[in-house]
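In what follows, a single structure is set out as structure tokens and then discussed.
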There are 8 protein chains.
Amino acid sequence: MKKISTRTRVLTVTALATALGAGTFGAVSANASAPAAETRAAVQKDLSNKHLQQNTRLTVDAAAKAAQATLDAAEKAGQRVTVAVVDRDGKTVVTLRGDGAGPQSYESAERKAFTAVSWNAPTSELVKRLESTPNLKDIPGTLFLGGGAPVQVKGAPIAAIGVAGAPSGAQDEEFAKAGVAALSR
Amino acid sequence: MKKISTRTRVLTVTALATALGAGTFGAVSANASAPAAETRAAVQKDLSNKHLQQNTRLTVDAAAKAAQATLDAAEKAGQRVTVAVVDRDGKTVVTLRGDGAGPQSYESAERKAFTAVSWNAPTSELVKRLESTPNLKDIPGTLFLGGGAPVQVKGAPIAAIGVAGAPSGAQDEEFAKAGVAALSR
Amino acid sequence: MKKISTRTRVLTVTALATALGAGTFGAVSANASAPAAETRAAVQKDLSNKHLQQNTRLTVDAAAKAAQATLDAAEKAGQRVTVAVVDRDGKTVVTLRGDGAGPQSYESAERKAFTAVSWNAPTSELVKRLESTPNLKDIPGTLFLGGGAPVQVKGAPIAAIGVAGAPSGAQDEEFAKAGVAALSR
Amino acid sequence: MKKISTRTRVLTVTALATALGAGTFGAVSANASAPAAETRAAVQKDLSNKHLQQNTRLTVDAAAKAAQATLDAAEKAGQRVTVAVVDRDGKTVVTLRGDGAGPQSYESAERKAFTAVSWNAPTSELVKRLESTPNLKDIPGTLFLGGGAPVQVKGAPIAAIGVAGAPSGAQDEEFAKAGVAALSR
Amino acid sequence: MKKISTRTRVLTVTALATALGAGTFGAVSANASAPAAETRAAVQKDLSNKHLQQNTRLTVDAAAKAAQATLDAAEKAGQRVTVAVVDRDGKTVVTLRGDGAGPQSYESAERKAFTAVSWNAPTSELVKRLESTPNLKDIPGTLFLGGGAPVQVKGAPIAAIGVAGAPSGAQDEEFAKAGVAALSR
Amino acid sequence: MKKISTRTRVLTVTALATALGAGTFGAVSANASAPAAETRAAVQKDLSNKHLQQNTRLTVDAAAKAAQATLDAAEKAGQRVTVAVVDRDGKTVVTLRGDGAGPQSYESAERKAFTAVSWNAPTSELVKRLESTPNLKDIPGTLFLGGGAPVQVKGAPIAAIGVAGAPSGAQDEEFAKAGVAALSR
Amino acid sequence: MKKISTRTRVLTVTALATALGAGTFGAVSANASAPAAETRAAVQKDLSNKHLQQNTRLTVDAAAKAAQATLDAAEKAGQRVTVAVVDRDGKTVVTLRGDGAGPQSYESAERKAFTAVSWNAPTSELVKRLESTPNLKDIPGTLFLGGGAPVQVKGAPIAAIGVAGAPSGAQDEEFAKAGVAALSR
Amino acid sequence: MKKISTRTRVLTVTALATALGAGTFGAVSANASAPAAETRAAVQKDLSNKHLQQNTRLTVDAAAKAAQATLDAAEKAGQRVTVAVVDRDGKTVVTLRGDGAGPQSYESAERKAFTAVSWNAPTSELVKRLESTPNLKDIPGTLFLGGGAPVQVKGAPIAAIGVAGAPSGAQDEEFAKAGVAALSR
């Protein structure tokens, strides 16, 4: 076994920085449970120093723009919701507690976003996985209710938007996806 | 940059302050899951300043009166319970730990009230929603057991009463509703 | 003693809704420790129903505008900070985690805002109170470091902005005050 | 093996139940730090069964009466506060969040009461003990600020009232003592 | 409505202190879910002062004796367990972490005891109630697994013993009941 | 009083220290739910002092070696995971957060390891026990998902490895077992 | 650098198991802050397997005996206290909540014991270290008040006893030391 | 409305990815409190997409190498410590609980690392800042004791190493710096 530090760990996502452009954002559109998609990650080896990696994130401006677009979509639909944007590490970047949103909505929104970014899929898709693996929902920080949508770059999750407060998770998720879509404009 | 604050967000509940009177309190009597009811909120735009909204709450005197009436109802039925009143933001306003109530009753009462005010329905109704959306009960702070009843003004939730300690949630909720009813006297 | 509910509790802030207008926002400018200022509250008795009170809050749009202005001020100064806006109840309404802000900044910002809104004074003023009452800082949820500024309506606190991440609390607070000022434009 | 339970542990407070009457309630009036006072306890051996002890508590009605009297006193003084009553075990029995009280006041009131009942002295007295033993204030659940007052029966603590929200702890404590006094009427 | 404090709240358990003797301890032997049993409480009005009630508890010596007997029973059966005794308020009075007991056993034992004392029934009985009311198990502090047994005085719960670590909850509960039985010797 | 400590508590695992050697490590290979296996413990009476026992643990070097082997196995399979090693007391000894592992993986890995060491079985086996005892999964600190594997000495658990982040628990557990196997080399 | 697993880490405490006997227990008697004492540890390399170490602990019987002796000492002095015994890993092994002990005493006792075992010195000695290093007391789980005493084997800490509830930490610690002394009888 | 996202936020750290090489790691060597140093951040605008930023991190292999080197340094000095490596977001990446390290050391190590990475300075330097700003130490997650050292790239913090368990923080920090130095080899 070589020294830990001299082994070269090949990352499977390559050339990330070179090709990103408008239009690369979007919620998972196909098979959310595909292993291939799941193991993508928005990190890449730093070519100039073997000890470093580069991690892709939304800027706070982009996150705020997405959150605002999400809230606007809810408002148009006459719904009172809270919106949260979390990064790939599960840290909350932006929150907007909408006027009149219920008290349960704040932490729900954060957890839906956390769940979506953890498995790189909309939470409405993830709910289906509980049929085969019901205890997934016992993982701390998660919430398996519709309303979370990942923000992806070339299929890898870099953030997620979570929404809570509308009468159904489907509606919450529609707003979250409107927020994701705003990043491509 | 167009200021975020100059957009006019139209609130769907209007003329709230002008028409409130005795008799407007009551638990949800009809279709607890109706979206229309759910999206009502006891907030309204402040007409004199675009940055402000007005939020309706029970006074502490009203909350204490309701809690006392709730405890009295339990006592008449020979039950030992704890009573909690929370506001629309989920904050506890009044608690009364009844003589001989079990140790599980205090936090249960708070959570039942939190749950009732979050979805603007008695918790006995909300339990039924778990059939279609079982993970609702994973939202932090909630408890899906009978015993919580919302306090409404024109259909919008402004508070809730939670009760725990009786042998059944149905009994707990009967006491909670007696507390709500006391606000109309 | 009359029934609890029939006593009339006279609130000391009157005519709140009638006279609010642009320019009424601002951080405490005078004697932050004056009891008179401290006991003002942005609540008023609801004239039409003895059980209700009206509570004034920022709209989410106003809070987001203030938070954005705060972050912009920090950016102009070349500082990386996190911004939080909390309401009078201490609940977080908006957060913006700035690009490159340290990991300690998120909860610090929330706590500074919580502290400012609790005592209706900038946290830089509140730090001084620890000389006579050092244990104030043991109250849960508080943080006695410069960087929090209250948002007032006629002298009563309705929200606060907290900032953390700059090398000094004085700088943090300068940005927070810029956020408050944006509400008067 | 000699049974642990056959040893007779003599309790130092005797004849507790026989002599309690109106007028026995009151805050500590003399030397709060006297060891003799501190080691009294409102428990007594059950004479009919060696395994049992009897523990004295306020009824919820008494606790509610005291809390209401406390809030009334604050109101008369024009202060907005939260009131908490805890029993000798530190459990909260009654809370009243006063209209317009700051968000820091709820947990502060509970902790002041917890502190007063733990050491059987008003918290304003207990603050002085920090001069010789500063780390007392690191004990979980405590808050060393004026505003907590014990409820005593023959010198032993059976409950405490905590108040928070006024500009000074001295004022908070004045209201708490008014609440204690109401139990002797 | 009379003043809160002057109402006389009649407690349903009377003459508690006069008749307790050896042999009154025991786990629920009959219908654990009977409302009558459930609403009994080991508290009684203090006849000499309307504001006071008397609360019955195990002495620490009795609790230690019961815990030791529980551990001895487990040892005889060759099982490694943790034992906890809690009082009627849910507070832990005695714990014994047995040699070699698994790390999950400590908090499990406390929660089983908490659950047993809350509903005044062995936890193996309480598990059955989840069939009709599955969300009971979401109440904070509870654990619905065999291994908890209440300690009763005239049918009212005054404490409970919880055991965890054996391969089945049935075994755990057998040890807990041995501990309860030791109090009648 | 016969001293508690003079009773001789016979431990069922004997001669532990004398016969351990390479090759004794391994995940449970047979009937994971056998009571006999479950009650083994890696502790033994200290022969020279009746008050002491000896507890067997991995060295940190061994734990780090196992964790590294686990991460290497995941990497070879192209999976991004977090690895945790906990000791028999449930304390975390080593963690490795793999590059690009999801935010849910860190606490998941710790909990899987905690679960495996608590019941001395791979978590994939333990999931099956929920069929007969579903509430096992409510025990604090546990997570019933594949990915945890115990490290045993003569059948008794002394540590466990937990892995999270791969698309399935089965894969996670394969890596964990590779880590266990590395201790026999 | 050799492989992690093949390096031989020499432990500085040798021959631990061979020479332990009655009388080796005792609180630190000399210079509590001596680095030499502090770095001793009750672990030793397992000679038969390079991956294992042996960790010395009190049996539960010994811990219960010590706790009971501690409580007896307090009782003789007429003090009401809670006693906790923790092992070298900081885990609570035995607790005894004394009759009439204050509500703050339970967690205080555990933390004092945790502190004493962490630095292998009575907490009254450790308080003095805060003069040069005041922030030691910010370490989670600690409490720097007299009342904790380590249990040592050949100078290394294997457990600690914590006591809380007496009027002074000095008294608490006297009882704790009586508990330690009981292990040498 | 001008899109939030179209504003160009100029980051002050440029050309990060192009020039990193061996030897760029190191603890702060000069004026730790210099604002210029503090506001550097290891993030940079993504040139190909205005919504993205790139964040530099250690690989898990580098973090493990550094942690191992830290533990080796402690071992050479005969000290028993726990080591933690956290990234710029405060998340723990690697932990190694050394053989015989005290129970307080695990969380201490994590908090020291968190503190060092938050302010980009060794914690021994940060302790000095408390002279002018004592309440810094009230920020959640921090610990102001020597033993934390940042890992920097061109002066910006990308990670930190925390060590706890040696008799002095100075020694802990020496080991942490040895870990940082290992990254330049």
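The values are calculated or read from the model by the stated rules, or taken from the named source; none is laboratory data. Since we're looking at a predicted model, the values are computed, not measured. Please note: Cβ atoms are built from the backbone with ideal geometry, for glycine as well, and neighbour counts cover all protein chains shown. Just so you know, the surface numbers come from the protein's heavy atoms only, side chains and all, with ligands and any DNA or RNA stripped out. Shrake-Rupley method; radii C 1.70, N 1.55, O 1.52, S 1.80 Å.
Among the protein heavy atoms, those of D:K112 account for about 10 Å² of accessible surface (1.4 Å probe, every chain in place). Simple spin-label estimate for C:A170 and A:A170 gives 5.9 nm between the two label positions (7 Å along the Cα-to-Cβ direction from each Cα).
Counting, for every residue in H:104-111, the Cβ atoms of other protein chains within 10 Å of its Cβ and taking the mean gives 4. When only Cα pairs below 8 angstrom with a gap of at least 6 residues are kept, the range H:60-182 shows a relative contact order of 31 percent.
For the pairing of chain H with chain C, what total accessible surface becomes buried, with a 1.4 angstrom probe, in square angstrom to the nearest 100?
Numbers: alone 9940 and 9930 Å², together 17920 Å².
Accessible area lost upon association: around 2000 Å².
Our coupling estimate for the range H:79-87, obtained by passing each phi through the Karplus curve with A = 6.51, B = -1.76, C = 1.60 and θ = phi - 60°, is 10, 9, 9, 10, 10, 9, 10, 10, 8 Hz, Gly and Pro reported as x.
Taking the accessible area of the range C:60-182, probe 1.4 Å, and keeping the other protein chains in place, the carbon and sulfur fraction comes to 50%. Solvent exposure of the range H:60-182 amounts to 23 Å² per residue of accessible area, where only protein heavy atoms count and the probe is 1.4 Å. Hey, quick one: spin label on C:S184, modelled 7 Å out along Cα-Cβ, who in the range C:135-155 has an amide N within reach, i.e. under 20 Å? Counting only backbone N, you get C:147-155.
Among C:A62, C:A109, C:S124, whose Cα lies farthest out toward the positive end of the dipole of the range C:32-185, if unit charges sit on the beta carbon of Lys, Arg (+1) and Asp, Glu (-1)? Final value for the positive-end residue is C:A62.
What average number of partner chain Cβ atoms lie no more than 10 Å from the Cβ of the residues making up A:82-92?
Per residue, the average neighbour count from other chains is 4.
Need the per-residue list for the range F:55-69: every residue with at least 50 Å² less accessible surface in the complex of protein chains than in the chain by itself, probe 1.4 Å, sorted by number. So the qualifying set is F:N55, F:R57, F:T59, F:V60, F:D61, F:K65, F:Q68. Overall shape: oblate for the range C:60-182, with the ratio a/c of the largest to smallest alpha carbon gyration tensor axis at 1.5 or above and b/c at least equal to a/b. For peptide B:173-183, the mean count of partner chain Cβ atoms within 10 Å of a residue's Cβ comes to 1. Dipole magnitude for the range D:60-182: computed about the Cα centre from +1 point charges on Lys and Arg Cβ and -1 point charges on Asp and Glu Cβ, it is near 160 debye.
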